[in-house]
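The values are calculated or read from the model by the stated rules, or taken from the named source; none is laboratory data. On a predicted model such as this, the values are computed, not experimentally measured, just so you know. Here Cβ is always computed from backbone atoms with ideal geometry, including for glycine, and neighbour counts include all displayed protein chains. Areas reflect the complete protein model, heavy atoms only, side chains present, ligands, DNA and RNA absent. Shrake-Rupley method; radii C 1.70, N 1.55, O 1.52, S 1.80 Å.
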Amino acid sequence: PPLYERNAGKFVMVPANARRRHPVVEEKIKKLAEYAETLPINRIEPGDDTLGIVAAGSVYQYAREVFPQATFLKLGMVYPLPERLIREFASRVKTVIVIEELDPFFEEQIRLMGIEARGKDIFPMIGEFSPTLIRQCAATAGLIKEAIAPSEAAATTPASVELPIRPPILCPGCGHRGLFHVLREAGVLVLGDIGCYTLGVAPPLSAMHTCGCMGASIGVAHGVAKAGVKDRVVAVIGDSTFFHAGIHPLINVLYNESNVTAIITDNSVTAMTGHQQHPGTGITLQKKKTVAVDLEKFVRSIGFEKVDVCDPYDLDGLAKVLEEHLSSGQPSVIVAKRPCVLYTREKSTPPAVDPDACVNCGACLELGCPPLLQAEDHVTIDPILCNGCGLCIQVCPSEAISR
Ligand code: SF4
Ligand code: SF4
């Protein structure tokens with residue numbers, strides 16, 4: 001392998017070097033712009049000269065469906081823009097229309113070149129585009145006649161078929177369900193994060209109250225605690241998210257002294273995005289064995305004294321530990337450890353509901369577990385869907401659920 005080029009003037013950006021390097025960066029951008037002028041993925045596709053459409057990516061495909069005859073400037077490299085190519089394109093057409101999702105990135109740059117262009121006066125700044133949306137906006141602006149595509153008009157399926165809503169939900173047997181059940185019952189303010197466990201916000205669990213961005217939970221909990229909010233606050237963050245973005249805010253909780261209880265939901269994998277490994281699993285992304293960072297040892301090593309590892313399948317045990325942490329008056333960490341059931345593929349014998357013992361109180365349904373179904377005067381369990389985790393057995397006050 002080549003040796004690393006040791007060139008401090010190029011790679012160490014102390015102010016003196018940064019000042020010297022800035023013109024180099026600007027020169028590179030100019031060269032890239034020149035490169036973009038002749039790059040084949042930036043191309044004019046000739047057509048009718050009434051409309052010239054500027055588009056890139058999937059929006060180009062949608063726009064092509066709506067304006068099959070128009071002249072197009074298809075951009076494959078979107079920064080820096082090829083100014084000469086854009087000027088040539090604009091000179092060939094009567095009206096330049098820029099179609100792009102979200103902010104007017106191309107449109108503003110093209111206008112700054114002194115070229116008249118329309119875009120966000122026709123197409124929205126918000127949401128994803130589709131051929132249907134582009135067609136409707138174009139028809140409203142008078143660019144095309146029909147707001148409905150001929151293929152859609154000919155379709156026999158009514159456009160307004162009402163499909164049942166199927167929101168994402170925690171899987172049967174998911175350990176997060178036990179955690180959020182306990183948090184809801186405790187009535188605490190839950191500052192959340194991004195992962196499968198964000199589904200703790202969904203009814204009937206309804207036990208997550210903020211989720212801003214990846215790694216935000218602990219920092220937000222710290223801020224809320226510092227602001228003197230009277231609610232008891234906990235931060236909930238997944239194991240993978242914790243390794244990714246939760247360590248610094250957790251150190252901040254200690255350093256700047258807030259009584260936050262951080263709960264790391266350890267399902268021992270990066271579940272939401274497809275079961276990727278992470279530093280706690282002991283396996284690399286290349287499937288090689290490696291060191292597994294032990295969450296409990298790690299948080300103790302940075303100075304946390306109150307640390308517990310709990311099984312979120314044990315509802316009473318977890319509730320007891322949570323109460324101890326919240327009343328301890330010190331920053332603390334609970335590792336709620338239960339591997340993802342879709343990863344381990346572990347399953348236990350499904351329980352069943354005794355219809356004579358069930359008083360139809362609905363307590364088990366408050367878990368929001370898909371196999372629990374409301375029958376006419378009692379609840380039933382779909383044994384095919386059920387993972388056998390046993391949470392419903394624990395919450396039934398009538399002992400109507402058993403294996
Ligand atoms: S045992 Fe109960 S809570 Fe667990 S998966 Fe089956 S129905 Fe759901
Ligand atoms: S918690 Fe028990 S008694 Fe209540 S509805 Fe469910 S099975 Fe029936």
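V309 - would you say it is open to solvent by 60 Å² or more (accessible area, probe 1.4 Å), under 28 Å from the mean Cα position of the chain (by Cα) and touching a residue at least 24 places away in the same chain (Cβ under 8 Å)?
yes
Hey, among G192, G187, G142, which residue is modelled with pLDDT of 95 or more, in the same structural domain as I334 (by TED's automatic domain parsing) and surrounded by fewer than 11 Cβ atoms within 10 Å (Cβ to Cβ)?
After ruling out the rest, the residue left standing is G187.
Can you pull out every residue in the range 198-229 that is in a helix (DSSP H, G or I) and open to solvent by less than 10 Å² (accessible area, probe 1.4 Å)?
If the condition is that a residue be in a helix (DSSP H, G or I) and open to solvent by less than 10 Å² (accessible area, probe 1.4 Å), then G200, S217, I218, A221 are the ones that fit.
Output the residues belonging to the range 368-377 that are within 18 Å of G178 (Cα to Cα) and either within 9 Å of ligand 2 (Cβ to nearest atom) or among the small types (G, A, S) (or both).
G368, L372
Could you tell me how many of the residues in the range 328-379 are outside any loop (DSSP other than H, G, I, E, B), open to solvent by less than 50 Å² (accessible area, probe 1.4 Å) and free of Cβ contacts under 8 Å to residues at least 40 places away in the same chain?
Result for the range 328-379: 3.
Within the group L51, L73, L32, which residue is in contact (Cβ under 8 Å) with a residue 12 or more places away in the chain and in contact with a helix residue (DSSP H, G or I) (Cβ under 7 Å, 6 or more places away or on another chain)?
Going through L51, L73, L32 in turn, the sole match is L73.
Working carefully through the options L322, L315, L391, L295, find the one that is near ligand 1 (Cβ under 9 Å from one of its atoms) and either in the same structural domain as Y255 (by TED's automatic domain parsing) or under 28 Å from the mean Cα position of the chain (by Cα) (or both).
That would be L391, the only listed residue that is near ligand 1 (Cβ under 9 Å from one of its atoms) and either in the same structural domain as Y255 (by TED's automatic domain parsing) or under 28 Å from the mean Cα position of the chain (by Cα) (or both).
Kindly indicate which of E88, E26, E83, E5 is out of contact with any Pro (no Cβ under 6 Å at 6 or more places or on another chain) and modelled with pLDDT under 95.
Unique residue meeting the criteria: E5.
Are any of the residues in the range 112-127 farther than 23 Å from A147 by Cα and touching a Gly at 6+ places or on another chain (Cβ under 9 Å)?
no
Report whether or not V96 is within 16 Å of A141 (Cβ to Cβ) and either under 26 Å from the mean Cα position of the chain (by Cα) or at pLDDT 95 or above (or both).
Considered against the rule, which asks whether it is within 16 Å of A141 (Cβ to Cβ) and either under 26 Å from the mean Cα position of the chain (by Cα) or at pLDDT 95 or above (or both), V96 comes out as yes.
Let me confirm something: among T349, T380, which residue is within 16 Å of ligand 2 (Cβ to nearest atom) and either hydroxyl-bearing (S, T, Y) or in the same structural domain as T281 (by TED's automatic domain parsing) (or both)?
Testing whether each residue is within 16 Å of ligand 2 (Cβ to nearest atom) and either hydroxyl-bearing (S, T, Y) or in the same structural domain as T281 (by TED's automatic domain parsing) (or both) leaves just T380.
Tally the residues that are open to solvent by 90 Å² or more (accessible area, probe 1.4 Å) and more than 22 Å from L342 (Cβ to Cβ), restricting the search to the range 287-306.
6
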